[in-house]
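What follows is one structure encoded as structure tokens, with my remarks underneath.
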Amino acid sequence: MKIIKFMVLLGLLCIACSSLADNKELYVFHNPLNQARFTTLTDKLRCLVCQNQNLAESNAPLAADLRSQIAKMINAGEPNNAIINYLVSRYGEYILYDPPFIKSTWILWLAPFVLLVLGLSILFVVIVIDNRKVNNLAENSPGISPAISKAEQEQIKNVLAQMEELR
Amino acid sequence: MRYFHYLKISLPLIIFLFLGYFLWRGLDIDPTVVPSALLNQKTPEFNLLSLENPHIRLSNKIFLGHVSLLNVWATWCATCADEYPVLMQIHSENSIALYGLDYKDNRQTALNWISKFGNPYQAIGFDKTGNTAINWGVYGTPETFVIDKNSIIRYKVIGPITMNIWQKKLLPLINNLERN
């Protein structure tokens with residue numbers, strides 16, 4: 001039994017480590033700040049071939065080329081802004097994961113809030129109307145009495161008072 | 001308040017029709033298409049050796065003075081193989097200046113290709129590293145740029161050119177650009 005447990009644990013460890021078995025080229029920067037910049041940039045930029053992955057993860061050849069280009073620009077001393085501009089001017093805003101807040105993306109940004117407000121308003125209106133309906137029913141329909149009439153309420157009060165006295 | 005009642009009943013139908021319309025439209029839209037960031041801008045740097053004759057250097061000058069097409073292709077790209085006959089047909093039926101950008105290819109393989117399947121291109125730039133293609137915002141082959149007489153990029157076809165695209169989109173655009 002112990003052997004089995006050990007094997008299972010070993011197997012899980014191997015699976016966990018497989019994420020480190022990356023086949024990507026290794027960029028080593030002499031400056032740890034540059035290393036951090038490279039990681040940040042490649043994490044923040046979209047791969048245009050495998051469009052749900054960032055440049056750090058993607059195995060596409062274009063992603064490898066762009067990683068190489070970014071590393072080159074970092075080593076040449078270019079600031080982050082310049083690197084991002086370089087890519088956006090060639091590939092457009094889509095290479096950034098963050099959609100800009102411009103006229104064509106207003107709907108994308110504002111729709112959730114608008115729908116939330118709309119939903120809450122509808123909910124509010126429905127509750128108010130339902131309330132009114134219940135009140136109307138109780139007050140304006142002489143043929144239909146409320147669940148417990150005034151006379152019956154009095155009777156219940158009396159019975160409860162009597163029970164209290166008997167205690 | 002009878003109409004309120006009818007409105008509540010028909011609301012699911014209205015929502016369905018509304019959603020259905022947009023989903024129907026969505027069937028024709030390819031969400032992976034990235035529109036070119038270079039539209040209406042001057043052509044980026046194009047400084048490549050010719051595929052066929054490495055002693056000849058091609059530059060942006062090849063785009064000046066006439067309407068041009070730049071087709072990005074490679075022998076390893078299956079879709080480019082599908083597009084090739086269309087390019088050959090366009091080349092045989094028109095006098096448009098069609099240039100090629102051979103993207104990250106093997107020179108000998110590419111030369112074998114054009115000797116076997118024909119050469120629709122006026123000139124082919126050999127981009128071994130793919131760096132020139134990055135300057136043009138290329139992210140997947142085949143891609144084709146329509147460039148006007150003043151070397152301004154006017155249109156980009158993402159994916160293979162079909163006869164349909166040629167007749168409906170490209171030919172009218174090219175005729176328009178040639179007139180002005």
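Here are the numbers for the structure shown:
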read-out	value
Options B:Ile134, B:Ile124, B:Ile174; residue that is touching an Asp or Glu at 6+ places or on another chain (Cβ under 8 Å) and not in a strand (DSSP E or B)	B:Ile134
Condition check for B:Trp113: at pLDDT 95 or above, out of contact with any strand residue (DSSP E or B) (no Cβ under 6 Å at 6 or more places or on another chain), under 28 Å from A:Glu93 (Cβ atoms) and surrounded by 20 or more Cβ atoms within 10 Å (Cβ to Cβ)	no
Region A:71-90: number of residues that are under 20 Å from B:Ala133 (Cβ atoms), buried (at least 16 other Cβ atoms within 10 Å of the Cβ) and more than 29 Å from the chain's Cα centre (by Cα)	4
Residues (over 14 Å from the mean Cα position of the chain (by Cα), among the hydroxyl-bearing types (Ser, Thr, Tyr) and either part of a strand (DSSP E or B) or surrounded by 18 or more Cβ atoms within 10 Å (Cβ to Cβ) (or both)) located in region B:143-171	none
Close pairs from region A:88-106: first under 17 Å from A:Val49 (Cβ atoms) and assigned to a loop (DSSP other than H, G, I, E, B), partner at pLDDT 85 or above and not small (Gly, Ala, Ser), Cβ under 9 Å, at least 6 apart	A:Gly92/B:Val34; A:Gly92/B:Pro35; A:Gly92/B:Leu38; A:Tyr97/A:Lys44; A:Tyr97/A:Leu45; A:Tyr97/A:Arg46; A:Tyr97/A:Asn54
Strands (runs of 3 or more DSSP E) enclosed by region B:1-112 - at least 3 residues per element that are touching a residue at least 60 places away in the same chain (Cβ under 8 Å) and more than 17 Å from the chain's Cα centre (by Cα)	B:48-50
Candidate set: region A:22-49, residues that are closer than 26 Å to B:Thr32 by Cβ and modelled with pLDDT under 90; chosen: the one farthest from the other protein chains (Cβ to nearest Cβ)	A:Asp22
Residue ID - nearest to B:Thr129 (Cα to Cα), chosen from residues in region A:50-66 that are of a type outside the set (A, V, I, L, M, F, W, C) and within 12 Å of chain B (Cβ to nearest Cβ)	A:Asp65
Qualifying positions in region B:27-51 - within 12 Å of another protein chain (Cβ to nearest Cβ), among the polar types (S, T, N, Q) and within 24 Å of B:Lys128 (Cα to Cα)	B:Ser36
For A:Gln51: the one exception among (1) outside any loop (DSSP other than H, G, I, E, B); (2) closer than 24 Å to B:Val138 by Cα	(1)
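The values are calculated or read from the model by the stated rules, or taken from the named source; none is laboratory data. Source: prediction; values computed, not measured. We place every Cβ from the backbone using ideal geometry, glycine too, and count neighbours over all the protein chains shown.
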